[in-house]
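A quick write-up on the structure given underneath.
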Amino acid sequence: MSSNNVLNTNNSTLSSSFYMSKYYAPNRNAKTASNRKSISNDLLISYDTNALNKFITDIRSINYNATQSNSETNHKNKVSAFVSIYNNFTESAKKSSSLDVTHRANRIMKFTKKQEDELKKIGITINEDSSLTLDTKKLESADISKVKSLFSNSSTYMKEIKSAASKLDIGV
């Protein structure tokens, strides 16, 4: 830890689980299927939306530089966390009685479907139920430029998801 109490992770490899805990803080119970069963769907939508917004803010602000020896691995681990967050979000949104929630979730799923070919190139496939499946080996071996083109500050995909998700920033 530095004098600012900030963890320096420049040369550390952080797991997808670490990022899930980070994005779901302070509602970490909402990140796992077994714990989600005891949480109301309205709360899950809030927690999932907040996690999605935290992911987008985090992934879009990455700066790649030579001093971060593990930045590519960390970026891919964040993308792995995104798949879980996305699946949590779409699952809870499908159960919602709110037309606004279902409308925005449908927009996000539609934007994701438009990126299907690019997602496949990095190991993410879209299932019949609109959930995502991650081939971790394919993601690990994917060209980082393809990953960054989908999950960067200038990515249309991230901008569109951010637009839809930010309007659902339900503070609970």
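The values are calculated or read from the model by the stated rules, or taken from the named source; none is laboratory data. None of the values given here were measured: they were computed from a predicted structure. Neighbour counts run over all protein chains shown; Cβ positions are idealised from the backbone, glycine included.
Computed quantities for the displayed model
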| read-out | value |
| --- | --- |
| Search result, residues across region 27-62 that are part of a helix (DSSP H, G or I), free of Cβ contacts under 8 Å to residues at least 40 places away in the same chain and farther than 25 Å from residue 150 by Cα | 28, 29, 33, 34, 35 |
| Residue 144, sole failed condition from (1) touching a helix residue (DSSP H, G or I) at 6+ places or on another chain (Cβ under 6 Å); (2) farther than 22 Å from residue 17 by Cβ; (3) in contact (Cβ under 8 Å) with a residue 24 or more places away in the chain | (2) |
| From 91, 72, residue being modelled with pLDDT under 90 and closer than 25 Å to residue 21 by Cβ | 72 |
| Selected residue [among the small types (Gly, Ala, Ser) and within 17 Å of the chain's Cα centre (by Cα)] from 96, 84, 141, 34 | 84 |
| Residue among 125, 133, 73 that alone is at negative phi, touching a Ser or Thr at 6+ places or on another chain (Cβ under 7 Å), exposed (fewer than 15 other Cβ atoms within 10 Å of the Cβ) and touching a residue at least 24 places away in the same chain (Cβ under 8 Å) | 133 |
| Candidates 162, 148, filtered to the one that is assigned to a helix (DSSP H, G or I), closer than 14 Å to residue 115 by Cα and either at pLDDT below 90 or touching a Leu at 6+ places or on another chain (Cβ under 7 Å) (or both) | 148 |
